[in-house]
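Throughout, read-outs are computed from the coordinates displayed, never taken from laboratory work. If you're wondering where the values come from, they're calculated on a predicted model, not measured in any experiment. All Cβ positions, even for glycine, are placed from backbone atoms using ideal geometry, and neighbour counts span all protein chains on display.
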Amino acid sequence: MTIHPSSINLSDKVADTAEIGPFTLVSADAVISEKVVIGAQVTVGAGVHIGSRARVASGARLGDGCIIESDVTIGENASIQSSVRLHMGSFIASGTNVIMDVPPYAMISGPESTITGYVDAYIDSASTMSVTGLIDQETTRVRGVRVHELPNHLDMRGNLSVGEFEKDLPFYPKRYFLVYGVTNERIRGEHAHRNCHQFLLCAHGACSVIADDGSYRQEFRLDHPYFGLYLPPMIWGIQYKFTRDAVLLVFASEHYDSEDYLRNYAEFRALANSQPAEKR
């Protein structure tokens, strides 16, 4: 391990490949894993656990009992309150005060510590994609995920968008649900399905959807009622950045079954990456 001589390390659980900068305090019982880099004047509280390859910039404060999972980045002068968990790959902007658990790969910033994006999520606006006909299935970087344009008819009396289940949608739905009244700082979803197919469209207002296959993720902005996003099984889905008037309509291929849900990202990722290549 590399520990600056001006730092104080009270833990015997620091990996050999960890680096600790000057004037940093590592409290007793803290666990610092392989290839962690900690900057100058950082305070690591008692019982903190920092996963492999995490980066903690200068001036950060990690409260007692924090869990910092692998590949997390914490910016300068950020504060992580006691017992908060930062899930794998999350990014905390400089000066942010984090008081709640942070989802995998979420980017947190601002005075209210809101989610502003997701790490490595290529952003595309579904409504600006090129269209070649009534139904267009655009290729995305996420396995099996497609953007569809449903038939849309403009009329001076009022516009009409229509879809036929056995013709225009990629599956025959067995149920639907509506998500509405979501404030901008809230997020929905954060799960995958083992067998259920979903088709999402924003019937009113707008929202953003993260689709993640365990290797790649992409962000889509649904802001027209005739653009839908198809999510096959084994895709981690997140919905956020809701406008105040947003109404998200979701069609599902199966009846509700709690056993079909994968709510732990690490479990989902392990299962997704263990599938045969032709199913990914």
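Which FRET efficiency, nearest 0.05, do MET1 and MET100 yield, Cβ-Cβ r, R0 45 Å? Before the final figure, lay out the partial values.
On the way: r = 31 Å, r/R0 = 0.70.
In this case the efficiency is close to 0.90.
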Please enumerate, by chain and number, the aspartates and glutamates with C-alpha under 19 Å from the C-alpha of LYS241, excluding those fewer than 8 residues away in the same chain.
ASP101, GLU112, ASP120, ASP124, GLU185, GLU190, ASP212, GLU219, ASP223
Report ³J(HN,Hα) in whole Hz for each residue of the stretch 52-69, in order, from the Karplus equation J = 6.51 cos²θ - 1.76 cosθ + 1.60 where θ = phi - 60°; Gly and Pro get x.
4, 6, 5, 10, 10, 7, 4, x, 6, 10, 10, x, 3, x, 5, 10, 10, 6
Using a simple charge model, +1 on the beta-carbon of Lys and Arg, -1 on the beta-carbon of Asp and Glu, nothing else, what dipole does the chain show about its Cα centre, in debye to the nearest 20?
80
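Which order do the peptides 228-234, 75-81 take when ranked by the mean count of other beta-carbon atoms within 10 Å per residue, highest first?
Working: 228-234: 22.4, 75-81: 19.7.
Descending packing order for the listed peptides: 228-234, 75-81.
What FRET efficiency comes out for the pair HIS255/LYS167, r = Cβ-Cβ distance, R0 = 22 Å, nearest 0.05?
Computed FRET efficiency for HIS255 and LYS167 comes out at 0.45.
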Taking the alpha-carbon centre of each part, the distance from the stretch 21-69 to the stretch 207-247 in Å is 34
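Report the calculated FRET efficiency for ALA28 and ALA270 (r = Cβ-Cβ distance, R0 = 30 Å), to the nearest 0.05.
On the way: r = 33 Å, r/R0 = 1.09.
Efficiency, rounded to the nearest 0.05: 0.35.
Roughly what % antiparallel, to the nearest 5, for the DSSP beta bridges in the stretch 2-118? Can you show the working numbers first?
Values: 4 of 34 bridges.
Bridges in the stretch 2-118 are about 10 percent antiparallel.
Tally Lys and Arg at +1 and Asp and Glu at -1 over the other residues with C-beta under 9 Å from the C-beta of GLY47: what net charge comes out? Present the calculation step by step, with values, prior to reporting the outcome.
Values: positive: none; negative: ASP29, ASP64.
The answer is -2.
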Other residues with Cβ under 13 Å from the Cβ of SER82 give, with Lys and Arg +1 and Asp and Glu -1, a net charge of 0
Cα gyration tensor shape of the stretch 121-279, rounded if a/c is under 1.5, else prolate or oblate by comparing a/b with b/c
prolate
